[in-house]
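Accompanying notes for the structure given below.
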Amino acid sequence: MKTRTIVIIVIVVLLLLVLGGSCKNTYNKMVTLREQVNREWANVENQYQRRLDLIPNLVATVKGYAEHEQETFTRVVEARARATAVTIDPDNLTEENMQQYRAAQGELSSALSRLLAVVENYPDLKANQNFLELQAQLEGTENRISVERRKFNETSTQYNTYIKSFPPIVFAGIFGFREKPYFNAEPQAEQAPKVEF
């Protein structure tokens, strides 16, 4: 009887060790994937911030040539302020927060498109070296934004797939790992503002 009890205890201890190791590995992988999603989100925000930083210089350059376009300048500045005000903590990436962020960025893209359309009326501005450099930087930034959004979505897919698979889904529920939303552009913002003249 004593040998049987020892065998049962050894089996239970071995099962607990295997289960504990599995739980540890699963938890650590979920943490790693979540941190990758957070990193990619920071990269998306970084590129949007780059665009926000370019806008005052662009507005100032255009303003020097087109002072009577004050309404357009005001719209761009107000849209930039709203876009700056909408931030998302990576730990609070919800569909609702993401939608607010996309809307603010879409509004800014729209205002920026109107500003760039104004430039068509000013041939001297289109030839200005400062403006041409800003235009090239803005175009490059729009491309970087697109790349970072794609990377964010790919990383979110990996994370979401892992936490929804078995057995990680069990541990995800216990430890509070939640699905991350994807960055889907607003319908009117599917294309970057045209910056070619």
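Read the figures in this text as sums done on the coordinates, not as results from a lab. Fair warning: this is a prediction, and the values are worked out from it, not measured in the lab. As a convention, Cβ positions derive from the backbone with ideal geometry for all residues, glycine included, and neighbour counts pool all protein chains shown.
Worth a mention:
- Listed pairs Lys2/Lys29; Lys24/Lys151; Lys63/Lys151 exceeding 30 Å between Cα atoms: Lys2/Lys29; Lys63/Lys151
- Across every pair of non-identical alpha carbons in the chain, the mean reciprocal distance, once inverted, gives a Kirkwood radius of 19.8 Å.
- Other residues with beta-carbon under 14 Å from the beta-carbon of Val10 carry, at +1 per Lys or Arg and -1 per Asp or Glu, a net charge of +2.
- With contacts taken as Cα pairs under 8 Å and at least 6 residues apart, the chain reaches a relative contact order of 33 percent.
- Per residue, the convex hull spanned by the Cα atoms of segment 29-86 measures out at 58 cubic angstrom.
- Placed amide H near Thr87: partners under 5 Å, 5+ positions off or other chain: none
- Put a dot 7 Å past the Cα of Asp53, heading toward its Cβ, do the same for Arg150, and the two dots end up 2.4 nm apart.
- Pair Asn97, Lys24: separation of 7 Å Cα→Cβ label points (nm): 3.1
- The chain, dipole about Cα centre (Lys/Arg Cβ +1, Asp/Glu Cβ -1), debye to the nearest 20: 1400
- Percent RCO, i.e. relative contact order, over segment 57-158, from Cα pairs under 8 Å lying at least 6 residues apart: 34
- Quotient of C-alpha Rg and 2.2 N^0.38 Å, computed over segment 57-158: 1.26
- Under 19 Å from the Cα of Lys164 - aspartates and glutamates, other chains or at least 8 residues apart: Glu35, Asp91, Glu95, Glu154, Glu179
- Calculated FRET value between Glu78 and Asn130, using beta carbons and R₀ = 22 Å, to 0.05: 0.40
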